[in-house]
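I have placed the structure first, in the form of structure tokens, so that the comments after it can refer back to it.
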Amino acid sequence: FDFDTSGLADEFCRLIEMDLAVSRAAILVVVSVAMATGITWLGCFDSVVTELGFQYYGEPPNHSIPFLPPQLKMPANTLVNLGYSLLGLSWLRKFSKDSNSGAITKRDLFVGAVFCCLAVVYGPVQFLRIVTQQHRFAVIDQWITLPFFSWLVVMMDYLIHGWNTERTVVFMALSLASYSLTLVHDLGFEVALGGHILLAILYGVQILKASQWKMLRPKLLRAFTMAIVSCAGFVVLKLLDLQLAQFPLFQRFSGHFWSKIADMLQIHFVCRFFHPIMVENARNKKL
């Protein structure tokens with residue numbers, strides 16, 4: 001029998017590189033979250049204003065749902081957060097599969113995997129904030145939101161200018177440091193988050209303008225628009241949670257619950273925006 005060992009060796013090396021890219025992304029996210037958690041638990045942000053208590057939610061804390069323990073308060077708002085992790089794992093699988101087939105590059109996989117891992121981690125963080133109603137978990141919840149949007153800018157900068165480690169480190173450091181605005185003003189988090197969202201939108205518009213693929217542009221515009229609509233839906237539904245609770249439609253599943261659905265849709269459409277660009281770029285490199 002004559003076996004082609006070179007093909008097997010190439011496939012083995014490709015799998016190792018894929019695992020390394022995902023592992024590096026996971027380690028980066030876990031270490032960053034661990035550092036933020038450590039700083040928070042030192043009490044550095046104990047003076048930050050956060051909303052604690054069930055009075056800030058439209059969903060009643062107590063329930064009579066079968067098979068769920070009564071100790072689990074606000075089950076809809078609590079369990080919906082698991083969707084972040086499931087969505088992150090789903091897109092991580094998609095990026096990994098396409099990297100393994102050569103549809104996207106290993107660098108694409110790493111960049112996409114970081115975003116997916118942020119979604120995976122964000123689910124438990126949101127879960128703990130609602131279950132515990134503790135100030136420090138609320139701080140971590142706010143703080144981790146900023147790297148979500150800043151990594152979007154990193155991804156778009158990567159697609160426009162190519163990978164630059166120094167620029168990425170500086171930008172992410174500034175993004176994390178911007179949470180210190182909460183120590184200056186009660187609306188510091190909102191100001192920092194608004195700046196992140198605005199910068200991400202401006203970069204997205206720049207990519208749409210620079211897109212040279214006429215067949216791809218409608219698809220990108222649709223994903224970009226849906227991501228913005230989902231982001232707006234998240235903000236509006238969360239702010240109007242208590243007011244919407246007066247209507248029957250929002251009594252079992254409150255505005256806060258639907259804001260989480262909108263937030264997950266935002267993550268989904270962000271991936272739908274980046275993925276086809278990565279595939280097209282990888283295809284052009286092969287030509």
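The values are calculated or read from the model by the stated rules, or taken from the named source; none is laboratory data. Computed from a predicted model, the values in this text were never measured in an experiment. Glycine also receives a Cβ, built like all others from the backbone with ideal geometry; neighbour counts cover every protein chain displayed. Areas reflect the complete protein model, heavy atoms only, side chains present, ligands, DNA and RNA absent. Shrake-Rupley method; radii C 1.70, N 1.55, O 1.52, S 1.80 Å.
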For segment 125-196, alpha-carbon Rg and Dmax in angstrom: 13.9, 43
Relative packing of peptides 107-113, 277-283 - highest average C-beta neighbours within 10 Å first: 107-113, 277-283
The chain: relative contact order as a whole-number percent, Cα under 8 Å and 6+ apart: 23
Accessible surface ranking that places the most exposed of TYR158, TYR203 first, with a 1.4 angstrom probe: TYR203, TYR158
Per-q log10 I(q)/I(0), segment 243-287, q = 0.15, 0.23 Å⁻¹ (Debye; single scatterer per alpha-carbon; no solvent): -0.54, -0.77
Simple label model, 7 Å out from Cα along Cβ direction - HIS161 to GLN55, nm: 4.8
At q = 0.08 Å⁻¹, base-10 log of I(q)/I(0) for segment 81-234 (Debye sum, equal scatterers on each alpha carbon): -0.26
Separation of the ASP46 and VAL191 label points, Cα + 7 Å toward Cβ, nm: 2.5
1.4 Å probe accessible area per residue over the chain, in Å²: 53
Normalised alpha carbon radius of gyration of the chain [divisor 2.2 N^0.38 Å]: 1.09
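What pairs from LYS209/LYS260; LYS73/LYS94; LYS73/LYS97; LYS214/LYS238; LYS106/LYS260; LYS106/LYS214 go past 28 Å between their alpha carbons? The partial results should precede the final answer.
Details: LYS209/LYS260 30 Å; LYS73/LYS94 34 Å; LYS73/LYS97 38 Å; LYS214/LYS238 37 Å; LYS106/LYS260 31 Å; LYS106/LYS214 26 Å.
Distance filter (> 28 Å) returns LYS209/LYS260; LYS73/LYS94; LYS73/LYS97; LYS214/LYS238; LYS106/LYS260.
Take the Cα radius of gyration of segment 18-173 and divide it by 2.2 N^0.38 Å, with N its residue count; two decimals is plenty.
On the way: Rg = 17.9 Å, N = 156, 2.2 N^0.38 = 15.0 Å.
Here the Cα radius of gyration is 1.19 times the empirical estimate.
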Nearest-20 debye value, the chain charge dipole, Cβ charges on Lys, Arg, Asp, Glu: 720
Listed residues ILE228, TRP258, GLN246: farthest to the positive end of the dipole of segment 219-287 (Cβ charges): ILE228
About the Cα centre, charge dipole magnitude for segment 135-224 (Lys/Arg +1, Asp/Glu -1 at Cβ), debye: 580
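Assuming 0.36 nm per residue, please report the length gained on full extension of the stretch ASP19 to ALA103 beyond their Cα-Cα distance.
Details: separation 84, 0.36 × 84 = 30.24 nm, distance 1.60 nm.
Full extension from ASP19 to ALA103 adds 28.6 nm.
Taking 41 Å as R0, compute the FRET efficiency from the Cβ-Cβ separation of LYS94 and ARG252 and round it to 0.05.
On the way: r = 32 Å, r/R0 = 0.78.
The computed FRET efficiency comes out at 0.80.
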Segment 208-287 and segment 182-203: distance between their alpha carbon centers, rounded to Å: 19
At R0 = 25 Å, FRET efficiency that the Cβ-Cβ distance of VAL131 and SER180 yields, to 0.05: 0.40
